[in-house]
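What follows is a short report on a single structure.
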Amino acid sequence: QVHLVESGGGSVQAGGSLRLSCAASGALFSINVMGWFRQAPGKQRELVATATSGGATNYADSVKGRFTISRDNAKKSVYLQMNSLKPEDTAAYYCYINSGMDYWGKGTLVTVSS
């Protein structure tokens, strides 16, 4: 059974930084895509950033230039460095892995105050 555990969420003032981490455990033989999604209250879940096994990255326009995704395949981990945070970044952030199947973490809350 696969488990994804996120950490690093919290409360920060606008302009601050946070680093999210996600570690996967279980039978994952070939991880294709690792990434982060977020869901703000009353809104749909949206893509934040993804990183493929080949090294390609993709970002939502709203976070380009502020967020950086990275992954450590040996550790089955993915990270999200978030800088210049804005109140509109407030959301629950979910880790995502595709390894033939889709797997999701339970989420970590990020709150940005103005």
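Below, the figures for the structure above:
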read-out	value
C-alpha center-to-center spacing [segment 10-35, segment 59-100] in angstrom	6
Note, ³J(HN,Hα) from phi for segment 25-39, Karplus 6.51, -1.76, 1.60, rounded to Hz, x at Gly and Pro	9, x, 7, 10, 8, 8, 8, 8, 10, 10, x, 10, 10, 9, 9
Accessible area of segment 32-114 divided out per residue, in Å², using a probe of 1.4 angstrom	52
DSSP-loop trypsin sites (Lys or Arg not before Pro) across segment 7-114, with at most 16 other Cβ within 10 angstrom	K43, R45, K64, R66, K75, K106
Cβ-placed point charges (K, R +1; D, E -1), dipole of the chain about Cα centre in debye, nearest 20	100
Within straight-line cross-link reach of K106, lysines at Cα separation under 22 Å, skipping those fewer than 8 residues along the same chain	K43, K75, K76
Carbon and sulfur %, accessible surface of segment 25-114 computed with the full protein complex present, 1.4 Å	50
Average silhouette area of segment 12-114, convex hull of alpha-carbon atoms, in square nanometres	6.4
Nearest-10 value in Å² for the accessible area of T90, using the 1.4 Å probe	40
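The values are calculated or read from the model by the stated rules, or taken from the named source; none is laboratory data. All values derive from a computational prediction rather than experimental measurement. Here Cβ is always computed from backbone atoms with ideal geometry, including for glycine, and neighbour counts include all displayed protein chains. Keep in mind that these areas ignore ligands, DNA and RNA; they rest on the heavy atoms of the full protein, side chains included. Shrake-Rupley method; radii C 1.70, N 1.55, O 1.52, S 1.80 Å.
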